[in-house]
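Undergrad: Dropping the structure in here first, questions after.
The values are calculated or read from the model by the stated rules, or taken from the named source; none is laboratory data. On a predicted model such as this, the values are computed, not experimentally measured, just so you know. Methodologically, a virtual Cβ is constructed for each residue, glycine included, from the backbone with ideal geometry; neighbour enumeration extends over all protein chains shown.
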Amino acid sequence: MISKKMSDSLNNHMNLELFSAHMYLVMSSCANDFGLKGAANWFFVQYREEMIHFMKFYTYLTDQGVVISIPANKDVPNKYESLLEMLQKTLSHEGMITSCINELSELAVQDKDHATQIFLQWFVTEQIEEESNDRDLIAKLKLVGDNGHGILMIDGEMGQRVFIVPPGSPLAV
Ligand code: FEO
């Protein structure tokens, strides 16, 4: 049986995933406002992925007999100067999420909670990919600087991103 401390910590993190989804949905809108349809697509796909992450936590907790709580969400930022700024904020946000996942994993080990350790493994791997994707895009944007043609090329690349429902996911949104 899952401990109260563990389930509260997972519930807190579930809400962080929901915040992430909302943050990326707003970024998608901002990218659209910049005229960057490809980046808007990229952030919209990210939003959908975060909703899957949120639902993974939701399903895990409810399967464990936990009644979840969702407090009022804090304000989601909606002012950005550039695509580079959005991706830098994305990378720093994902770094924070990675730290939280690692802390949850540590707690699951201390609790000898094998089920939660296994559940969290998927997220440990996922965070490596998320941060790597962000770093690649930031490096490319720094290379092109203010060159509009270069930014549009990167925008075109971001427009190719496709949402794929991970196998066994609780909900396709
Ligand atoms: Fe769900 Fe981007 O971490």
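Undergrad: Among the listed residues Pro71, Pro167, identify the single one that is at pLDDT below 95, under 17 Å from Ser20 (Cα atoms) and away from the ligand (no atom under 16 Å from the Cβ).
TA: Working: Pro167 fails: under 17 Å from Ser20 (Cα atoms).
Of the residues listed, the single one that is at pLDDT below 95, under 17 Å from Ser20 (Cα atoms) and away from the ligand (no atom under 16 Å from the Cβ) is Pro71.
Undergrad: I need every pair where a residue in the range 60-76 that is within 10 Å of Asn11 (Cα to Cα) has its Cβ under 8 Å from the Cβ of a residue that is in a loop (DSSP other than H, G, I, E, B) and not hydroxyl-bearing (Ser, Thr, Tyr), sequence separation at least 6 or different chains.
TA: As it stands, the answer is Leu61/Ile68; Val66/Ile2, since those pairs meet every condition given.
Undergrad: What are the residues in the range 83-105 that are touching a residue at least 12 places away in the same chain (Cβ under 8 Å) and polar (S, T, N, Q), if any?
TA: Passing the criteria: Gln88, Thr90, Thr98, Asn102, Ser105.
Undergrad: Determine whether Ala115 is among the small types (Gly, Ala, Ser) and surrounded by 11 or more Cβ atoms within 10 Å (Cβ to Cβ). Don't jump to the end; show me each part of the working.
TA: Details: among the small types (Gly, Ala, Ser): yes; surrounded by 11 or more Cβ atoms within 10 Å (Cβ to Cβ): yes.
Criteria met by Ala115.
Undergrad: Those residues that are over 19 Å from Met86 (Cβ atoms), in contact (Cβ under 8 Å) with a residue 40 or more places away in the chain and either away from the ligand (no atom under 11 Å from the Cβ) or among the charged types (D, E, K, R) (or both), I need them from the range 123-142; list them, please.
TA: Across the range 123-142, the qualifying residue is only Glu126.
Undergrad: Is there a residue in the range 11-23 that is assigned to a helix (DSSP H, G or I) and either more than 14 Å from the ligand (Cβ to nearest atom) or more than 25 Å from Pro167 (Cα to Cα) (or both)? Spell out how you get there, then give the answer.
TA: In the first step, residues of the range 11-23 are kept if they are assigned to a helix (DSSP H, G or I); the result is 11-23.
Checking which are either more than 14 Å from the ligand (Cβ to nearest atom) or more than 25 Å from Pro167 (Cα to Cα) (or both) leaves us with 11.
Among the residues of the range 11-23, at least one is assigned to a helix (DSSP H, G or I) and either more than 14 Å from the ligand (Cβ to nearest atom) or more than 25 Å from Pro167 (Cα to Cα) (or both), which makes the answer yes.
Undergrad: Taking the range 29-46 on its own, how many of its residues are surrounded by fewer than 21 Cβ atoms within 10 Å (Cβ to Cβ) and either of a type in the set (Lys, Arg) or within 16 Å of the ligand (Cβ to nearest atom) (or both)?
TA: Selection size over the range 29-46: 3.
Undergrad: Hey, any hits in the range 83-94 for a residue that's loosely packed, with under 13 Cβ neighbours inside 10 Å and touching a helix residue (DSSP H, G or I) at 6+ places or on another chain (Cβ under 8 Å)? Before the answer, list the steps.
TA: Taking the range 83-94 as the starting set, the residues that turn out to be loosely packed, with under 13 Cβ neighbours inside 10 Å are 92.
If we keep only those that are touching a helix residue (DSSP H, G or I) at 6+ places or on another chain (Cβ under 8 Å) too, we end up with none.
Looking through the range 83-94, none of the residues is loosely packed, with under 13 Cβ neighbours inside 10 Å and touching a helix residue (DSSP H, G or I) at 6+ places or on another chain (Cβ under 8 Å).
Undergrad: Still on this structure, I have one more. Which one of the conditions (1) of a type outside the set (A, V, I, L, M, F, W, C); (2) within 16 Å of the ligand (Cβ to nearest atom); (3) more than 19 Å from His13 (Cα to Cα); (4) without any contact (Cβ under 8 Å) to a residue 24 or more places away in the chain does Arg161 fail to meet, given that it meets all the rest?
TA: (4)
Undergrad: Just need a number here: residues in the range 1-34 that are of a type in the set (S, T, N, Q) and over 15 Å from Leu87 (Cα atoms). Please lay out each step first, then the result.
TA: The first filter runs over the range 1-34 and keeps only residues of a type in the set (S, T, N, Q), leaving 3, 7, 9, 11-12, 15, 20, 28-29, 32.
Going one step further and asking which of them are over 15 Å from Leu87 (Cα atoms), we end up with 3, 7, 9, 11-12, 15.
The qualifying residues number 6.
Undergrad: Got a number for residues in the range 143-155 being in contact with a helix residue (DSSP H, G or I) (Cβ under 7 Å, 6 or more places away or on another chain) and either of a type outside the set (Gly, Ala, Ser) or in contact (Cβ under 8 Å) with a residue 60 or more places away in the chain (or both)? Even if it seems obvious, please write down each step before you answer.
TA: Looking only at the range 143-155, we keep the residues that are in contact with a helix residue (DSSP H, G or I) (Cβ under 7 Å, 6 or more places away or on another chain), and these are 144, 150-151, 154-155.
Restricting the remaining residues to those that are either of a type outside the set (Gly, Ala, Ser) or in contact (Cβ under 8 Å) with a residue 60 or more places away in the chain (or both) gives 144, 151, 154-155.
Here the count works out to 4.
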